[in-house]
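**Student:** Questions regarding the structure given below will be posed in turn.
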Ligand SMILES: [Cu+2]
């Protein structure tokens with residue numbers, strides 16, 4: 001019974017997993033992350049310059065984020081998701097979504 005309860009807690013934690021990426025000095029940090037399906041990724045712009053978080057295939061995109069603005073996106077399915085900043089296309093990042 002105790003084991004079942006622990007398992008349920010684990011599932012709950014996984015369903016609400018969240019990770020953060022900073023947008024800083026014209027770069028996404030960390031530039032590359034690996035998360036489990038269902039993870040919410042929260043980007044925060046720490047620059048004085050506006051940036052966007054835009055999927056290469058345009059499946060998701062933020063507005064132009066001002067300083068301290070956040071953008072969040074939940075990755076439901078496994079895959080490799082490249083993204084960039086539309087205002088500074090040299091800024092790129094990638095989210096690997098892998099079932100564990
Ligand atoms: Cu930018």
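**Student:** Given the -39500 (n - 2.57) contribution per DSSP H run of 4+ residues, what per-residue ellipticity at 222 nm results for the chain, rounded to the nearest 500 deg cm²/dmol? Please report the intermediate quantities before stating the final value.
**Tutor:** On the way: 1 runs with 14 residues, N = 100.
Using -39500 (n - 2.57) per qualifying helix, the result is -4500 deg cm²/dmol.
**Student:** Follow-up question, since we're still on this one. I need the calculated FRET efficiency for the pair residue 78 and residue 44, taking r as the beta carbon distance and R₀ as 22 Å, to the nearest 0.05.
**Tutor:** Details: r = 25 Å, r/R0 = 1.14.
It comes to 0.30.
**Student:** Largest first, please: the extent of the C-alpha atoms of the chain along each principal axis, to the nearest Å.
**Tutor:** 53, 25, 19
**Student:** Provide the gained length on full extension for the span residue 99 to residue 58, in nm with one decimal, where the gain is 0.36 nm per separating residue minus the Cα-Cα distance.
**Tutor:** Working: separation 41, 0.36 × 41 = 14.76 nm, distance 2.31 nm.
That works out to 12.5 nm of additional length.
**Student:** Give the percent of DSSP beta bridges with both residues in the stretch 17-97 that are antiparallel, rounded to the nearest 5.
**Tutor:** Values: 19 of 29 bridges.
Of those bridges, close to 65 percent are antiparallel.
**Student:** Length gain on complete extension for the stretch residue 19 to residue 66, per 0.36 nm per residue less the alpha carbon to alpha carbon distance? Present the calculation step by step, with values, prior to reporting the outcome.
**Tutor:** On the way: separation 47, 0.36 × 47 = 16.92 nm, distance 2.01 nm.
Difference between extended and current length: 14.9 nm.
Read-outs: derived from the displayed coordinates by stated rules, not from any lab. Keep in mind that what you see is a predicted model, and the values were worked out from it rather than measured. Positions of Cβ are backbone-derived with ideal geometry, glycine not excepted, and every protein chain shown enters the neighbour counts.
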